[in-house]
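A.B. asks: Below is a structure I'd like to ask you about.
The values are calculated or read from the model by the stated rules, or taken from the named source; none is laboratory data. All figures in this text were calculated on a predicted structure; none of them were measured in a lab. Cβ placement follows ideal geometry from the backbone for every residue including glycine, while neighbour counts extend to all protein chains displayed.
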């Protein structure tokens, strides 16, 4: 497959070329996240934290730790979604809406390779969340 290959709507939806393209995209994304996190953890180990008697420094340090933990949690969830998307490619359900079974669409998957809902189903889902939040 050429390096600059992009899935086309002229091809059969979720043909082998599409599956290979999206699997590579997902695996590359996963590896990038893992690599960035391991570098970040390594740098944190080198940069030993000095306990400061200054309350403001301690509070700032605690805030930074909270932000880092939230970021790490988001990345763990993202890795899980990427893994699930790769499994869906393997079981031939990738690219189809979990609610309607309809095609999610190439443009949406290229923009968000972990999408599980069609745009219509996603909008309905978000509308329902908003109703319950209000």
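A.B. asks: Starting from residues that are within 17 Å of the chain's Cα centre (by Cα) and without any contact (Cβ under 8 Å) to a residue 40 or more places away in the chain, keep the ones in the stretch 99-114 and report whichever is surrounded by the most Cβ atoms within 10 Å (Cβ to Cβ). Let's see the steps before the verdict.
C.D. replies: Just the residues of the stretch 99-114 that are within 17 Å of the chain's Cα centre (by Cα), to begin with: 104, 106-114.
Narrowing the set further to residues that are without any contact (Cβ under 8 Å) to a residue 40 or more places away in the chain leaves 104, 107-108, 111-112.
Details: 104: 23, 107: 11, 108: 16, 111: 9, 112: 13.
Selected residue: 104.
A.B. asks: Of everything in the stretch 73-98, what is more than 15 Å from residue 122 (Cβ to Cβ), free of Cβ contacts under 8 Å to residues at least 40 places away in the same chain and surrounded by 13 or more Cβ atoms within 10 Å (Cβ to Cβ)? Give them in sequence order.
C.D. replies: Correct list: 84, 88, 93.
A.B. asks: Still on this structure, please answer the following. Which ones in the stretch 68-127 are farther than 17 Å from residue 29 by Cα and in contact with a helix residue (DSSP H, G or I) (Cβ under 7 Å, 6 or more places away or on another chain)?
C.D. replies: 95, 97, 99, 100, 117, 119
A.B. asks: How many of the residues in the stretch 115-134 are more than 17 Å from residue 7 (Cβ to Cβ), without any contact (Cβ under 8 Å) to a residue 12 or more places away in the chain and in a loop (DSSP other than H, G, I, E, B)?
C.D. replies: 1
A.B. asks: Does residue 66 fit the bill of being surrounded by 11 or more Cβ atoms within 10 Å (Cβ to Cβ), modelled with pLDDT under 85 and either under 28 Å from residue 10 (Cα atoms) or out of contact with any strand residue (DSSP E or B) (no Cβ under 8 Å at 6 or more places or on another chain) (or both)? Talk me through it step by step, then tell me what you get.
C.D. replies: Numbers: surrounded by 11 or more Cβ atoms within 10 Å (Cβ to Cβ): no; modelled with pLDDT under 85: yes; either under 28 Å from residue 10 (Cα atoms) or out of contact with any strand residue (DSSP E or B) (no Cβ under 8 Å at 6 or more places or on another chain) (or both): yes.
For residue 66, the condition - surrounded by 11 or more Cβ atoms within 10 Å (Cβ to Cβ), modelled with pLDDT under 85 and either under 28 Å from residue 10 (Cα atoms) or out of contact with any strand residue (DSSP E or B) (no Cβ under 8 Å at 6 or more places or on another chain) (or both) - is not met.
A.B. asks: Quickly run through the stretch 3-33 and pick out the residues that are touching a helix residue (DSSP H, G or I) at 6+ places or on another chain (Cβ under 8 Å) and modelled with pLDDT under 90.
C.D. replies: Matches in the stretch 3-33: none.
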